[in-house]
Amino acid sequence: MAANTGKSDLRIVKTAKVLNAAMSALLARHNFRKITVWDICETAQVSRATFYARFDDKYDFLKNWLINFKPDGVHTDDAALNDFIYRNKAVIQNLVCDADNETAEILRGFVLSVFNITGIIDSGKTHPGQIVLSNFFAGGMLCYFQWQVKHKFPPHIPPINQHLREIITMFRKWETEANERTVYDEVCQPERADPVS
């Protein structure tokens, strides 16, 4: 029985590899919106039953594929980010251009995981503006990717990652100051009794 488990595990790994390679090949040539499960399976030479045994649909598969596409070192290094974008420009173009809402939401999550933005925003505490800040950062990065596509991936570009992080740091400072003022007002200013009529 143990030998069967090993063969089964090997098949799972091989299937994952060919599916990921198929998605990479398809995204290098086609917009994600136009890629179908049939295209992925045909390119990977995997049955649709095998695909659907692992994934709900192409969006579920995209989430998995992005885990493998995730670059190292770009979350703090703008040069590494720009190099990654340049090396993968066709794929990025086919993901971010004309993305539907579900794809955009998946990409937003991908950006937040790649740039470890929850560590910048959250820092172990729950901030009321965390959702706003994470959406701001992810939206900024996705717009940056779209800008890159529109301008045909110019070699000399601004350090966008650094600028977005500086803006988030400013927001967090303002939020902290606003929270401190609110606590001060609540503690130091007693409630006034309503006048009795």
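The values are calculated or read from the model by the stated rules, or taken from the named source; none is laboratory data. Model, not experiment: these values are computed from the prediction. Glycine also receives a Cβ, built like all others from the backbone with ideal geometry; neighbour counts cover every protein chain displayed.
Before moving on, here are some points about what is shown:
- Test: residue in the stretch 50-57 that is within 21 Å of Phe110 (Cα to Cα), at pLDDT 95 or above, surrounded by 15 or more Cβ atoms within 10 Å (Cβ to Cβ) and charged (D, E, K, R): no
- Residues in the stretch 26-34 include none that are of a type in the set (S, T, N, Q) and either surrounded by fewer than 16 Cβ atoms within 10 Å (Cβ to Cβ) or more than 19 Å from Asp100 (Cα to Cα) (or both).
- Exactly one residue out of Asn135, Asn101 is polar (S, T, N, Q) and either within 24 Å of Ser24 (Cα to Cα) or modelled with pLDDT of 80 or more (or both), and it is Asn101.
- The set of residues in the stretch 31-64 that are touching a residue at least 12 places away in the same chain (Cβ under 8 Å), under 25 Å from Gln93 (Cα atoms) and outside any helix (DSSP H, G or I) comprises Asn31, Ile35, Thr36, Asp57.
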